[in-house]
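First the structure, in the form of structure tokens, and then the observations on it.
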Amino acid sequence: MASRIRIRAQLKGDGCEVKALMRHPMETGLRKDQLGETIPARFITAVKVTHNDKIVLDAFWGAAVSANPFLGMRFKGGSVGDVVKVSWLDNQGDTGEGETQIR
Amino acid sequence: MISWCAGILSSLLLLLAPLWAWAQQDGIFDEYRAMFGDDNPAVFVIDEGEELWFSKAGPNSTSLEGCDLGLGAGVVEGAYAQLPRYFADTDRVQDVESRLEHCMIELQGKTREEIHAKPYSLRGDLGTEMEALVAWLAEQSRGLAIAPGQAHPSERSSYELGEQLFYFRAGPHDFSCATCHGQSGKRIRLQSLPDLTAHEGAAEAYSSWPAYRISQGIVRTMGWRMRDCFRQQRMPELIMGSEAAVALQTYLAVNAAGATMAAPGLKR
Amino acid sequence: MTRMKTIKPLVLLCCFLINSALADEAAMLLKSSMADKNFVTLERVERDALQSFCSKPRSEEGDIETANALRESARAAVPMPTEDDFLGDWQRGEAVANNGRGLQYSDNPEQPNGGNCYACHQLDPDEVAYGTLGPSLTGYGARGQSLSMLEYTWIKLWNTHAYNVCSHMPRFGAAGILSEQQLKDVMAYLLDPRSPVNSGLSP
């Protein structure tokens, strides 16, 4: 029922507070399933946050980040109605993207 | 170059997997919890619940705005905190989930089968409508005192049955709720166990559900908590909103009465 | 002894009769509130005499005669290995003690059940993730391996109610949770001087 990223962007002080929840299993490649088979690595390697198409966060992630990562960040500026986008890329080439408007 | 878009990163919080094992120890979980500050991923689920409440759905294309949760049709503020309670129209004591089910059937024309097909998420799911609605309704009672109904005879007998069920030992392991939750200061592995027969333990537990379970990435409800405890007791599956589910929640809510609702909480 | 045996069923019957109507209502209510799931069926809601007796809320007290009769029948039904056959392999026992799976509808019924000892007991002093619902069993081997210790430990594991009626511990043998071999392995995990449970004891 929900997209793969849920985002909230709110003006706070002289900046904008962004919160995002990404749906991703973040498998390390080290875990085994019930039958003892190794579960293949599958984790987000890159995350981008843009504000009106300008990059405000460009991050490299690894296998140490938890499943369903929750991201919180602030950037200076922003006004109501501006578009904030969050996107990720994982080690298998899979991507996820979501956007919201600042409120 | 737009200057107000400087992109200065002032805070970045990531949940780190190695913290998991430590998170199970209470003191350390508290520290871990503090790292979140006011952040709780449940905010997204609460928003969804609000949208669901007001959106037209089901064969009747009707919203849930006409649903009476005990304080009158459409009154959501404080409604969660006064459940479970007796409803004359159904002649039953109901918890939030069985009452929502009633409204989905009566107002929206949904069937019992579709509501019960998957009321709670399975591992890897993104959340169910029931979970989102309950999360939002609990949010509407945040800061209010837990005050379940106990004036009607059915409400009192629900409590008494709940108490019987709490001590009901059955299944191959002879477990009851009381096996784990009948004493204070105990734990399973590293998981500490509230004493649900006493006010303090019941208040701590009841006020913090529904909750965002970090380890599952999902909001879980008190009804799910009951079902999953029975799974661990090696018992069959508890039906959402069933009389036993309601009776046990009545038992907990009455034991917790007077405490302040703080849900949706954030749990391991 | 023979006379006791004939009396017991009567005592148990009485226990059922005096059980409050509320308890019966609770049992029916639970059955109508649950559904079969995978291999777990509603049969599990049915209680035996011991479970009914031990389901009383804290405020209600069971009568001592019934408790004694339940204790004796639990003790009488324990099959006893021969003296040289109580102890299996402590390493396999360690795996049983650590395994918390088995008999939940989410478990694979093809896999052997675990004993889940660590959920409630401290055993190996180097294992930090132990529960406290039961007493610590670290250094259990200090009690020695006399026949009476072997028998006591076996009975306790097979059916704890032979000593302590309404103990919280599952009846690992009597309820068929663990096999006789698994129980012998757990016996060795508790009593073998080489087991980590006894690593703190001076040799």
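Phi angles across region B:204-220 convert, under the Karplus curve 6.51 cos²θ - 1.76 cosθ + 1.60 with θ = phi - 60°, into 3J(HN,Hα) values of 4, 6, 5, 6, 9, 10, x, 8, 7, 8, 4, 5, 10, x, 8, 7, 10 Hz, Gly and Pro given as x. Computed from Cα atoms, the angle from the helix C:180-191 axis to the main principal axis of chain C rounds to 50 degrees.
Across C:V128, B:V96, B:V254, the residue with the most accessible area heads the list, and the full order at a 1.4 Å probe is C:V128, B:V254, B:V96.
Taking the Cα centre of the protein assembly as shown as the origin and placing charges on Cβ (Lys, Arg +1; Asp, Glu -1), which of C:S179, C:S52, B:L190 is farthest toward the positive end of the dipole? It is B:L190, whose Cα lies furthest towards the positive end.
Legend: distances between Cα atoms for A:K12/B:K110; B:K56/C:K37; B:K110/B:K267; B:K118/B:K186; A:K32/C:K37; pairs beyond 30 Å are A:K12/B:K110; B:K56/C:K37; B:K110/B:K267; B:K118/B:K186.
Helix content alone sets the calculated 222 nm mean residue ellipticity of chain B: runs of n ≥ 4 DSSP H residues at -39500 (n - 2.57) each, divided across all residues, give -12000 deg cm²/dmol. Ranking B:T179, B:L126, B:L252 by how far each Cα lies toward the positive end of the dipole of chain B (charges on Cβ) leaves B:T179 at the top. 3J(HN,Hα) along region B:239-245, derived from phi through the Karplus expression 6.51 cos²θ - 1.76 cosθ + 1.60 where θ = phi - 60°, amounts to 7, 4, x, 5, 4, 5, 4 Hz, with x in place of Gly and Pro. Annotation: aspartates and glutamates with alpha-carbon distance below 14 angstrom to C:K156 (same-chain offsets under eight excluded): C:E72, C:E180. For chain B, the relative contact order is 23 percent, taking Cα pairs closer than 8 Å that sit 6 or more residues apart in sequence and dividing their mean separation by the residue count. Based on alpha-carbon centroids, what's the gap between region A:62-84 and region C:131-203 in Å, whole number please? Distance between centres, Cα-based: 53 Å.
Judged by the mean number of other Cβ atoms found within 10 Å, the most tightly packed of the peptides C:79-85, B:147-153 leads the ranking B:147-153, C:79-85. Per residue of B:211-217, other chain Cβ atoms within 10 Å of the residue Cβ number 3 on average. Residues considered: B:A247, B:A135, B:A88. Largest GNM mean-square fluctuation over chain B, using C-alpha springs under 10 Å, is found at B:A88.
Surface calculation, 1.4 Å probe, protein heavy atoms: C:E43 sits at approximately 140 Å² accessible. Rounded to the nearest 20, the size of the Cβ-charge dipole of chain B about its Cα centre is 860 debye, with Lys and Arg at +1 and Asp and Glu at -1. The angle between the Cα long axis of helix C:2-18 and the main principal axis of chain C comes to about 60°, on a 0 to 90 degree scale. Database remark: amide H of B:K186 closer than 5 angstrom to the amide H of B:L193 (H placed geometrically; neighbours at sequence offset of 5 or more, or on other chains; Pro and chain starts carry no H).
Straight-line cross-link partners of A:K48 among the aspartates and glutamates, defined as a Cα under 17 Å from its Cα and at least 8 positions apart when in the same chain: A:E17, A:D58, A:D82, A:D90, A:D94, A:E97, A:E99. Given R₀ = 25 Å, what would the calculated FRET efficiency be for C:Q91 paired with C:M149, taking r from the Cβ atoms and rounding to 0.05? So, using R0 = 25 Å, E works out to roughly 0.75.
The residues packed around A:A46, meaning those with a beta-carbon under 11 Å from its beta-carbon, carry a net charge of -1 if Lys and Arg are +1 and Asp and Glu are -1.
For region B:125-154, the residues whose amide N sits under 16 Å from a probe point set 7 Å from the Cα of B:T260 along the beta carbon direction are B:139-147.
Calculation over all alpha carbon pairs of region B:112-174 in 10 angstrom steps from 0 returns a P(r) of 16, 23, 41, 20, 0 percent. Kindly identify chain A as rounded, prolate or oblate by the Cα gyration tensor criterion: order the square roots of the eigenvalues as a ≥ b ≥ c, call it rounded if a/c is under 1.5, otherwise compare a/b with b/c, prolate if a/b is larger, else oblate. Since a/c reaches 1.5 and a/b is larger than b/c, the shape of chain A is classed as prolate. Atom-type composition of the exposed protein surface of chain A places 49 percent of the accessible area on carbon and sulfur (1.4 angstrom probe). Residues whose amide H comes within less than 5 Å of that of B:S63, counting only those at least five positions distant or on another chain, are B:A57 (H built at 1.01 Å from N in the peptide plane).
Shielding value for B:241-254 is 2, the average number of Cβ atoms from other chains within 10 Å of each residue's Cβ. Each Lys and Arg contributes +1 and each Asp and Glu -1, all at the Cβ; summed about the Cα centre of the protein assembly as shown, the dipole is approximately 540 debye. Its relative contact order, with pairs defined as Cα atoms under 8 Å and 6+ residues apart, puts region C:83-198 at 36 percent.
Considering only C:N164, C:Q145, C:G102, and ranking their Cα positions along the charge dipole of region C:83-198 that arises from unit charges at the beta-carbon of Lys, Arg, Asp and Glu, the one farthest toward the positive end is C:N164.
Please build a GNM for chain A, connecting alpha carbons under 10 Å apart, and tell me which residue among A:G36, A:G13, A:G62 fluctuates the most. Taking springs between Cα atoms under 10 Å, the residue moving most is A:G36.
Taking all protein chains together and rolling a 1.4 Å probe, B:R231 ends up with roughly 50 Å² accessible. Computed with a 1.4 Å probe over protein heavy atoms only, the accessible area of A:E17 comes to about 40 Å². What share of the DSSP beta bridges in the protein assembly as shown is antiparallel, in percent to the nearest 5? About 95 percent, rounded to the nearest 5. For the segment C:113-122, counting C-beta atoms of other chains within 10 Å of every residue's C-beta and taking the mean gives 2. Karplus-based coupling profile of region B:249-263, in residue order and whole Hz: 5, 5, 4, 5, 5, 5, 4, 8, 3, x, 6, 9, 5, 10, 9, with θ = phi - 60° in 6.51 cos²θ - 1.76 cosθ + 1.60 and x standing for Gly or Pro. Solvent-accessible surface of chain C, averaged per residue with a 1.4 angstrom probe and all protein chains in place: 51 square angstrom. When +1 charges are put on Lys and Arg Cβ atoms and -1 charges on Asp and Glu Cβ atoms, the dipole computed for chain C relative to its Cα centre reaches about 400 debye. Measuring nothing but how far apart in sequence close Cα pairs (under 8 Å, 6+ apart) lie, relative to its length, region B:119-180 scores a relative contact order of 15 percent.
Distance from the Cα centroid of region A:36-50 to that of region C:45-87 is 52 Å (rounded to whole angstrom). When chain A is treated as a Gaussian network with alpha carbon springs shorter than 10 Å, the biggest mean-square fluctuation among A:D82, A:D90, A:D33 belongs to A:D33.
The values are calculated or read from the model by the stated rules, or taken from the named source; none is laboratory data. Computed from a prediction, not measured in an experiment: that's the story for all the values here. Note that we place each Cβ from the backbone using ideal geometry, even for glycine, and neighbour counts take in every protein chain shown. Areas reflect the complete protein model, heavy atoms only, side chains present, ligands, DNA and RNA absent. Shrake-Rupley method; radii C 1.70, N 1.55, O 1.52, S 1.80 Å.
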